[in-house]
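Notes for the one structure printed next.
The values are calculated or read from the model by the stated rules, or taken from the named source; none is laboratory data. Everything numeric in this text was worked out from a predicted model, so none of it was measured. Here the Cβ positions follow ideal geometry from the backbone for every residue, glycine too, while neighbour counts run over all protein chains shown. Each accessible area value is taken on the protein alone, full model and side chains, heavy atoms only, with ligands, DNA and RNA left out. Shrake-Rupley method; radii C 1.70, N 1.55, O 1.52, S 1.80 Å.
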Amino acid sequence: MRGSPTILHLDMDAFYASVEQAAKPSLRGKPVVVGGIGPRGVVATASYEARVFGVHSAMATAQARRLCPNAAYLTPRFSLYQQVSGVVMGLLGELSPLVEPLSLDEAFVDLEAGGVEPDSAAVRAVGERLRRDILAATGVSGSVGLAGSKMLAKIASEQAKPDGLVVIEPGTELELLGPMSVRTIPGVGPATAETLRRAGIHTVAETAEAGEAELVRLLGKAHGAGLYALATGRDDRPVVAERDAKSVSVEDTFAEDLTDRTRVQLELARLADRCVRRLRAAGRSGRTVVIKVRRYDFSTLTRSETLRGPTDDPAVVREAAARLLEGVDTTAGVRLLGVGVSGLADYTQEDLFAQAQAQALAAEAAAGDGGLPDAEGAPEARADDDASPARRWLPGLDVVHRELGRGWVQGSGLGRVTVRFEEPWSVAPGRVRTFTVDDPDLEPAEPVPLIRPAVGEGAPAGGVAAASGR
């Protein structure tokens, strides 16, 4: 525990939903839900306007629709969220060399390592300036917590939401923590909380009063001792700049159970290709291929195979995934498939045998001998695929019309697609038009930045900014 509040925790406010509101003037101040929009979809993020109705992340989208039927339900646009996150992380990097990202929208910063004076007034000034800079650069707000430890900084940012800043002054930590639920402590999940509840422990103060010996008896030596330290305000965990990814994976949940074996194989091959695209984008390779299969009854199986060396070859990963699937019975129905690569490395050891086999299969296909279609021909099941956008008119996705310009999909069905034509910098909600789904003048598009570049910085006055303008 530090004697000054020089650890900063930033948590962007309802990040995905806030980005969508910033991108779509007609949705500002209205309930927005981002996530899976199908019957088995799950809420990723709900705007604060939607949370008033009880909608929250990880809730089934079907339940969210019952609670808040008038919200805008949108498909995630991960490429845009990554763009905005990149800007935010860049601003954090200007404060200190020690930035520990936890996700796209959350990070710790060690201000002391950045040379900030270790007093409350100085760190508060840095936090307020950071919030202003983020809003100016992205159009999205974030909440900041400042304290002498990571645990307390995260608690402070939660108290600051939405769009605020809280500093926990040295000496006030135990008074603040005492009445809070034991679930506030990092590492206390539902199972640990239930164990403590059965022992009559509900709050942080009660956890501290129980003593280290009792917590070790209940939870084991490592967990019990660690929990006691945190409950008594002792948290010396450093901000770690490098958080190296241990694996890269993708998965899809299907609107209807897949029972056709060929369709399962095609979907798995498509996922393998998506996984490799993400692997290559990160500049990595891996030697262990993992598949995940969730069946109709929610039972989940994982299978893995370790290769002779690291690879980023889509054919190698695809073939390994196919071999792993051979040992899994899918006849009763599959609701989710996933492919991952672990054992990551920064180099690739070519698998010549697999390459040769892939070339032979390609030659067979060219000769007309049949076989499975290329994975790129498999039907798309998600909007956040890393491939070029397909002509699927999912709510929230970007489009461009030859005459009317840029807009986004409000909805589609019965051969029609409804588009609202507006951009992040539009001064008023845009007009709405409906087209046939095969209208040749309407095409999918990439997102534009939330803040319009100034003249001379990527877009002319009155022009449309490119997606790479920030």
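Scan the stretch 410-421 and tell me whether some residue there is in a strand (DSSP E or B), out of contact with any strand residue (DSSP E or B) (no Cβ under 6 Å at 6 or more places or on another chain) and either hydroxyl-bearing (Ser, Thr, Tyr) or closer than 24 Å to residue 85 by Cβ (or both). Yes, some residue in the stretch 410-421 is in a strand (DSSP E or B), out of contact with any strand residue (DSSP E or B) (no Cβ under 6 Å at 6 or more places or on another chain) and either hydroxyl-bearing (Ser, Thr, Tyr) or closer than 24 Å to residue 85 by Cβ (or both). Meeting the requirement of 1 or more residues that are open to solvent by 40 Å² or more (accessible area, probe 1.4 Å), the strands (runs of 3 or more DSSP E) wholly within the stretch 48-127 are 99-103.
Taking the stretch 27-47 as the range and being open to solvent by less than 10 Å² (accessible area, probe 1.4 Å) and modelled with pLDDT of 95 or more as the test, the residues that pass are 32, 33, 34, 46, 47. In this structure, does residue 174 turn out to be under 15 Å from residue 231 (Cα atoms) and open to solvent by 40 Å² or more (accessible area, probe 1.4 Å)? Yes: the conditions hold for residue 174. For the stretch 130-149: of the residues being small (Gly, Ala, Ser) and more than 22 Å from the chain's Cα centre (by Cα), which is surrounded by the fewest Cβ atoms within 10 Å (Cβ to Cβ)? Among those residues, the one meeting the criterion is 136.
Open to solvent by 60 Å² or more (accessible area, probe 1.4 Å), in a helix (DSSP H, G or I), at pLDDT below 90 and over 21 Å from residue 252 (Cα atoms): is that true of residue 364 in this structure?
On the way: open to solvent by 60 Å² or more (accessible area, probe 1.4 Å): yes; in a helix (DSSP H, G or I): yes; at pLDDT below 90: yes; over 21 Å from residue 252 (Cα atoms): yes.
So residue 364 passes the test.
Only one of the numbered conditions (1) touching a Phe, Trp or Tyr at 6+ places or on another chain (Cβ under 9 Å); (2) within 18 Å of residue 84 (Cα to Cα) is not met by residue 21, and that is (1). Counting only residues that are open to solvent by less than 10 Å² (accessible area, probe 1.4 Å) and among the aromatic types (Phe, Trp, Tyr), the stretch 1-26 holds 1 of them. Residues in the stretch 38-66 that are over 26 Å from residue 89 (Cα atoms) and under 16 Å from the mean Cα position of the chain (by Cα): 3 in all. All conditions in (1) over 20 Å from residue 16 (Cα atoms); (2) at pLDDT below 95; (3) not charged (D, E, K, R) hold for residue 393, with the sole exception of (1).
If only one of 109, 84 is within 24 Å of residue 26 (Cα to Cα) and in contact with a Ser or Thr (Cβ under 6 Å, 6 or more places away or on another chain), which one is it? Of 109, 84, the one residue that is within 24 Å of residue 26 (Cα to Cα) and in contact with a Ser or Thr (Cβ under 6 Å, 6 or more places away or on another chain) is 84.
When the stretch 289-310 is filtered for residues that are among the charged types (D, E, K, R) and outside any strand (DSSP E or B), only 297 remains. Among the residues here, residue 246 qualifies as more than 30 Å from residue 175 (Cβ to Cβ) and loosely packed, with under 13 Cβ neighbours inside 10 Å.
Among the residues making up the stretch 177-192, those that are open to solvent by less than 50 Å² (accessible area, probe 1.4 Å) and in contact with a strand residue (DSSP E or B) (Cβ under 8 Å, 6 or more places away or on another chain) are 178, 180, 182. The set of residues in the stretch 150-169 that are surrounded by fewer than 17 Cβ atoms within 10 Å (Cβ to Cβ) and under 20 Å from residue 99 (Cβ atoms) contains only 158. Given the condition in contact with an Asp or Glu (Cβ under 6 Å, 6 or more places away or on another chain), touching a residue at least 12 places away in the same chain (Cβ under 8 Å) and either of a type outside the set (Lys, Arg) or within 23 Å of residue 84 (Cα to Cα) (or both), answer yes or no: does some residue in the stretch 123-141 qualify? Yes. Determine if the stretch 255-269 includes at least one residue that is surrounded by fewer than 15 Cβ atoms within 10 Å (Cβ to Cβ) and touching a helix residue (DSSP H, G or I) at 6+ places or on another chain (Cβ under 8 Å). No, the stretch 255-269 has no match at all. Looking across the stretch 173-221, the residues that are part of a loop (DSSP other than H, G, I, E, B), closer than 21 Å to residue 1 by Cα and at pLDDT 90 or above come down to 178, 179, 180, 211. The set of residues in the stretch 140-156 that are more than 14 Å from residue 176 (Cα to Cα) and modelled with pLDDT under 95 contains only 150.
Can you confirm whether residue 17 is among the aliphatic types (A, V, I, L, M) and either modelled with pLDDT of 95 or more or in a helix (DSSP H, G or I) (or both)?
Working: among the aliphatic types (A, V, I, L, M): yes; either modelled with pLDDT of 95 or more or in a helix (DSSP H, G or I) (or both): yes.
Taking the combined requirement at face value, the residue satisfies it.
Could you look through the stretch 323-342, keep only residues that are in contact (Cβ under 8 Å) with a residue 60 or more places away in the chain and under 14 Å from residue 289 (Cβ atoms), and pick out the one that is surrounded by the fewest Cβ atoms within 10 Å (Cβ to Cβ)?
Across the stretch 323-342, the extreme among qualifying residues is 342.
When the criteria are applied in full, residue 320 meets the requirement of being under 29 Å from residue 256 (Cβ atoms), among the hydrophobic types (A, V, I, L, M, F, W, C), buried (at least 20 other Cβ atoms within 10 Å of the Cβ) and touching a strand residue (DSSP E or B) at 6+ places or on another chain (Cβ under 7 Å).
Among what's in the stretch 234-275 and is closer than 30 Å to residue 208 by Cβ and in contact with a Leu (Cβ under 9 Å, 6 or more places away or on another chain), pick the residue that is modelled with the lowest pLDDT.
Start the filter on the stretch 234-275 by keeping residues that are closer than 30 Å to residue 208 by Cβ, which leaves 234-240, 243.
Next, only the ones that are in contact with a Leu (Cβ under 9 Å, 6 or more places away or on another chain) stay: 235, 238-240, 243.
Values: 235: 87, 238: 92, 239: 93, 240: 89, 243: 65.
So, considering only residues that are closer than 30 Å to residue 208 by Cβ and in contact with a Leu (Cβ under 9 Å, 6 or more places away or on another chain), the one modelled with the lowest pLDDT is 243.
Here 158, 94, 128, 106 are screened, and the one residue that is among the charged types (D, E, K, R) and closer than 19 Å to residue 4 by Cα is 128.
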